[in-house]
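K.L.:
I am attaching a structure below and will ask some questions about it afterwards.
The values are calculated or read from the model by the stated rules, or taken from the named source; none is laboratory data. Model, not experiment: these values are computed from the prediction. Cβ placement follows ideal geometry from the backbone for every residue including glycine, while neighbour counts extend to all protein chains displayed. All accessible areas refer to the heavy atoms of the entire protein, side chains included, with ligands and DNA or RNA removed. Shrake-Rupley method; radii C 1.70, N 1.55, O 1.52, S 1.80 Å.
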There are 2 protein chains.
Amino acid sequence: MTFQLTILGTSAALPYKNRFLSGQILNVHDELFLIDCGEAAQFRFQHLGIKHSRLNHIFISHLHGDHCFGIFGLLTSIAMMGREADMHIYAPEGLETMIEAVFKATNYKSPFKIHFYILKTDKNDKNTEGPPSDYSRIFEDEKMTVHSFPMNHRVPTCGFIFKEKPFPKNIIPEKIKQYNLTFDNIKAVKEGFDLKFKEPTMEGKIIPNSELTKPPLLPRSFAYCSDTTYFEPILPHIEGVDLLYHEATFLDDMKEHAFKVGHSTALEAGLMAQKAHAQKLIIGHFSARYDDLSPLLLEAQTQFPNTILGIDGQIYDVPLVRFEENK
Amino acid sequence: MTFQLTILGTSAALPYKNRFLSGQILNVHDELFLIDCGEAAQFRFQHLGIKHSRLNHIFISHLHGDHCFGIFGLLTSIAMMGREADMHIYAPEGLETMIEAVFKATNYKSPFKIHFYILKTDKNDKNTEGPPSDYSRIFEDEKMTVHSFPMNHRVPTCGFIFKEKPFPKNIIPEKIKQYNLTFDNIKAVKEGFDLKFKEPTMEGKIIPNSELTKPPLLPRSFAYCSDTTYFEPILPHIEGVDLLYHEATFLDDMKEHAFKVGHSTALEAGLMAQKAHAQKLIIGHFSARYDDLSPLLLEAQTQFPNTILGIDGQIYDVPLVRFEENK
């Protein structure tokens with residue numbers, strides 16, 4: 001069961017040498033979720049052999065060109081490659097109007113239906129405060145949820161958290177034989193119920209669930225936070241996240257400038273990961289002023305040692321290794 | 001005096017491996033002219049070290065995404081890099097509206113002024129018939145002219161011809177000494193006048209211009225014809241062109257399909273170069289169905305031997321070597 005992040009680009013504002021613009025693919029159980037779509041995203045799909053047929057959901061954090069100018073080419077190109085399935089796009093208000101204007105000017109009609117969902121980007125809307133809630137949920141299926149949360153940038157901007165749903169409990173194989181469990185018994189135990197016998201010999205006897213099961217695997221999660229200043233209100237949304245991508249546009253010696261232009265420093269990204277009790281931090285969205293990125297990495301690591309550099313085209317697996325505490 | 005073409009991309013519709021989308025830079029005496037601006041054009045500027053500060057004019061052949069979706073990123077990125085000078089954009093109707101919609105949605109205001117010029121794309125407008133005329137001229141300065149002409153594609157589309165202005169005549173150095181020519185004499189002779197003496201000893205004597213000068217260098221020209229079916233009405237516009245870029249999306253075994261979708265075959269591109277009496281043909285705008293392009297080259301060469309393949313990132317110089325016939 002895959003839970004894997006591929007980074008299409010890590011450059012802020014302008015492309016820089018081999019650093020492309022913002023875009024990430026999260027693969028959850030072989031379904032793809034595109035997060036941001038900077039110019040040349042369709043080229044990155046091709047470079048990295050990513051199959052658009054498995055992509056049905058696109059999440060746009062905010063309407064700055066380096067995060068969304070790839071959407072026109074991506075949508076029209078996948079149509080040319082034969083796409084017919086609906087596409088779902090989640091973005092701040094304005095994206096639909098923009099795409100419609102571009103399609104109209106280019107005399108283009110999408111052969112597949114595009115569903116637009118407007119994100120709640122208002123930082124002053126108390127209902128958007130964390131932790132993730134029904135109010136902040138923007139997507140759900142049988143395997144996962146996606147929630148959005150407002151961040152602090154120059155224009156309305158959202159972060160996203162992608163979470164697997166809880167896994168069923170693991171039944172201890174020996175117990176199946178010991179109690180001669182039926183299919184229905186096993187199903188009920190996996191769902192967390194105690195075992196209640198109805199047979200005459202065992203009538204009324206109860207084996208507690210904790211004796212029959214091992215703790216389930218912990219569902220995995222990924223949070224995307226770009227672009228934003230250091231902004232603590234997002235902490236409840238991303239608490240305990242397995243993999244946190246947080247922008248680190250500048251070094252901390254440019255902290256004031258970073259804040260002024262709605263961005264974070266590498267130190268602040270590390271601090272955010274620390275306070276969110278993340279398992280791992282990937283930093284990205286690097287200013288073109290930094291050719292060598294190692295100072296950004298070292299700076300973030302002063303706050304959060306398990307930080308790695310976002311690298312264009314690299315793939316980061318979130319392994320399924322942690323178990324829940326048994327309750 | 002440079003007259004040099006750089007091809008940013010040669011792929012039709014979709015990017016293919018190392019083939020980027022349509023875009024070319026014509027360098028005329030160190031001023032740059034961008035022709036078409038497919039997605040990722042700004043990346044190509046960077047890859048190829050092209051200085052945007054020398055770019056003041058952008059020509060868009062038609063409003064299909066693979067020819068214009070790079071314009072948003074290019075305009076916003078050069079602004080971030082400090083551009084303040086006006087930009088002039090020549091395109092079929094609709095581009096300005098599209099750019100305005102994108103800028104509005106992304107809350108963007110260009111720090112430099114953009115002047116839009118609407119091309120005459122109507123194939124039935126008799127005034128657009130060639131050869132190049134005042135009616136078809138879209139740009140002129142002291143060194144060159146640009147004319148546009150309607151082509152035959154699925155949407156309104158123009159081709160372009162870029163021409164140097166005639167060079168002054170070359171005076172034969174020995175004649176300066178022989179006739180003791182003044183600065184004013186030399187200037188007049190270079191402009192084509194005969195030499196008339198006013199000195200008492202030579203009073204009234206006339207030396208014809210042809211005795212004093214060598215034929216001037218022939219001004220160079222480049223024509224861009226993409227996208228279009230095989231379309232003979234463009235011939236008078238491109239007659240005798242030095243370098244012709246003509247699209248060759250398909251091989252001739254797909255001639256019917258090519259026509260249906262508004263494109264040419266390699267054979268037709270070659271035929272067009274032959275009938276236009278071009279000096280050299282570059283073919284491009286290749287369908288992603290062709291991995292190996294040599295069959296397209298060979299096919300065009302059956303009609304026009306001096307054909308070369310357009311290759312992404314390559315630079316083609318038009319040398320200043322031909323002389324006009326002396327008149």
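K.L.:
Amide H neighbours of residue B:90 under 5 Å, counting only residues 5+ apart in sequence or on other chains, H built in-plane at 1.01 Å?
P.N.:
Close amide H contacts, sequence-distant or interchain: B:58, B:59, B:60, B:117.
K.L.:
When the Cα centres of the range B:189-221 and the range A:52-78 are compared, how far apart do they sit, in Å?
P.N.:
65 Å
K.L.:
Would you list which aspartates and glutamates come within 12 Å of residue A:165, measuring only between C-alpha atoms, while excluding same-chain residues fewer than 8 positions from it?
P.N.:
Output for residue A:165: A:140, A:141, A:142.
K.L.:
Also, quick follow-up: Can you tell me what share of the DSSP beta bridges in the range A:1-118 is antiparallel? A percent to the nearest 5 is fine.
P.N.:
50 percent
K.L.:
Right, something else. Using a 1.4 Å probe on protein heavy atoms only, how many Å² of accessible area do B and A hide from each other, summed over both chains and rounded to 100?
P.N.:
In total, chains B and A hide about 2600 Å² from solvent.
K.L.:
In the range B:82-117, what residues drop by 40 Å² or more in accessible surface going from the chain by itself to the full protein assembly, probe 1.4 Å?
P.N.:
Residues shielded by partner chains are B:98, B:102, B:105, B:106.
K.L.:
Would you please give the FRET efficiency between residue A:294 and residue B:48, computed as 1/(1 + (r/R0)^6) with r the Cβ-Cβ distance and R0 = 35 Å, to the nearest 0.05?
P.N.:
Once rounded, the FRET efficiency stands at 0.80.
K.L.:
Using helices alone, what [θ] at 222 nm do you get for chain B, with -39,500 (n - 2.57) per DSSP H run of 4 or more residues, divided over all residues and rounded to the nearest 500?
P.N.:
Helices in chain B give a 222 nm mean residue ellipticity of -6500 deg cm²/dmol.
K.L.:
Take the alpha carbon atoms of the range A:236-264, find their center, do the same for the range B:11-36, and report the distance between the two centers in whole angstrom.
P.N.:
With the range A:236-264 and the range B:11-36 each reduced to a Cα centre, they are spaced 37 Å.
K.L.:
If the only charges are +1 at each Lys and Arg Cβ and -1 at each Asp and Glu Cβ, what is the size of the charge dipole of chain B around the Cα centre, to the nearest 20 debye? Mind showing how you got there, number by number?
P.N.:
Details: 34 positive and 41 negative charges, 130 e Å.
Rounded to the nearest 20 debye, it is 620 debye.
K.L.:
Assuming R0 = 56 Å, what is the FRET efficiency of residue B:80 and residue B:214, from their Cβ-Cβ distance, to the nearest 0.05?
P.N.:
The formula returns an efficiency of 0.70 here.
K.L.:
Return the sequence-ordered ³J(HN,Hα) values of the range A:46-57 in whole Hz as given by the Karplus equation 6.51 cos²θ - 1.76 cosθ + 1.60 applied to θ = phi - 60°, using x for Gly and Pro.
P.N.:
Listing the rounded values in order: 6, 4, 9, x, 8, 8, 5, 5, 8, 9, 10, 9 Hz.
K.L.:
Tell me which residues come under 5 Å, amide H to amide H, from residue B:213 once H is placed; ignore anything under 5 positions away on its chain.
P.N.:
B:172
K.L.:
List the chymotrypsin sites (Phe, Trp or Tyr not before Pro) within the range B:82-143 that fall in a DSSP loop (any state other than H, G, I, E or B) and whose Cβ has at most 14 other Cβ atoms within 10 Å.
P.N.:
B:112, B:135
K.L.:
I need the trypsin sites (Lys or Arg not before Pro) found in the range A:18-117, filtered to DSSP loop residues with at most 13 other beta carbons within 10 Å of theirs. Can you show the working numbers first?
P.N.:
Values: sites: A:19, A:44, A:51, A:54, A:83, A:104, A:109, A:113; in loops: A:51, A:83, A:109, A:113.
Taking the range A:18-117 and a limit of 13 other Cβ atoms within 10 Å, the loop trypsin sites (Lys or Arg not before Pro) found are A:51, A:109, A:113.
K.L.:
Mind checking B:36-43 for the average number of partner chain beta-carbons within 10 Å of each residue's beta-carbon? Before the final figure, lay out the partial values.
P.N.:
Working: counts 0, 0, 1, 12, 10, 2, 6, 7.
Mean partner shielding for this stretch: 5.
K.L.:
In A, who owns the beta-carbon nearest the axis carrying A over to B, and how many Å from it?
P.N.:
Of all Cβ atoms in A, the one closest to the rotation axis yields A:101, 2.
K.L.:
Out of the range B:198-261, which trypsin sites (Lys or Arg not before Pro) are coil in DSSP terms and have no more than 15 other C-beta atoms within 10 Å?
P.N.:
The qualifying sites are B:198, B:205.
K.L.:
Against the longest alpha carbon principal axis of chain A, how many degrees, from 0 to 90 and to the nearest 10, is the axis of helix A:294-303 turned?
P.N.:
40 degrees
K.L.:
Which of the pairs A:169/A:196; B:17/B:120; B:51/B:169 have their Cα atoms more than 24 Å apart in this structure?
P.N.:
Beyond 24 Å between Cα atoms: B:17/B:120; B:51/B:169.
K.L.:
Enter the accessible area per residue of chain B (Å², integer; probe 1.4 Å; all protein chains in place).
P.N.:
That works out to 44 Å² per residue.
K.L.:
Here's a follow-up. Let's test the formula: R0 of 51 Å, r as the Cβ-Cβ distance of residue A:259 and residue B:311. What FRET efficiency results, to the nearest 0.05?
P.N.:
0.65
K.L.:
Using the Karplus curve 6.51 cos²θ - 1.76 cosθ + 1.60 with θ = phi - 60°, what ³J(HN,Hα) values do you get for each residue of the range B:168-178, in whole Hz, with x for Gly and Pro?
P.N.:
Result, rounded to whole Hz: x, 5, 8, 7, 6, x, 4, 5, 4, 5, 4.
K.L.:
What are the ³J(HN,Hα) couplings of the range A:214-228, residue after residue, when phi is run through the Karplus curve with 6.51, -1.76, 1.60 and θ = phi - 60°? Round to Hz, x for glycine and proline.
P.N.:
9, x, x, 5, 6, x, 9, 8, 9, 10, 10, 10, 6, 9, 6
K.L.:
While we're here: What is the angle, in °, between the Cα long axis of helix A:71-80 and the longest principal axis of the Cα atoms in chain A? Nearest 10 is fine, range 0 to 90.
P.N.:
The two axes meet at around 70 degrees.
K.L.:
Ok, one more. Eigenvalues of the Cα gyration tensor times 5, then square-rooted: what semi-axes does that give for the range B:1-154, in whole angstrom, largest first?
P.N.:
Working through the eigenvalues yields semi-axes of 23, 18, 18 Å.
K.L.:
Within chain B, which is the longest segment containing none of the GluC sites (Glu not before Pro) that sit in a DSSP loop and have at most 11 other Cβ atoms within 10 Å?
P.N.:
It runs B:204-324.
K.L.:
Please list the non-local residues whose amide H lies under 5 Å from the amide H of residue A:152, H modeled 1.01 Å from N, same-chain partners needing a gap of 5 or more.
P.N.:
So residue A:152 has HN proximity to A:229.
K.L.:
Also, I was wondering about something else. What spacing in nm lies between the two simple spin-label points modelled at residue A:275 and residue A:134, each 7 Å away from Cα in the Cβ direction?
P.N.:
About 3.0 nm separates the two model spin labels.
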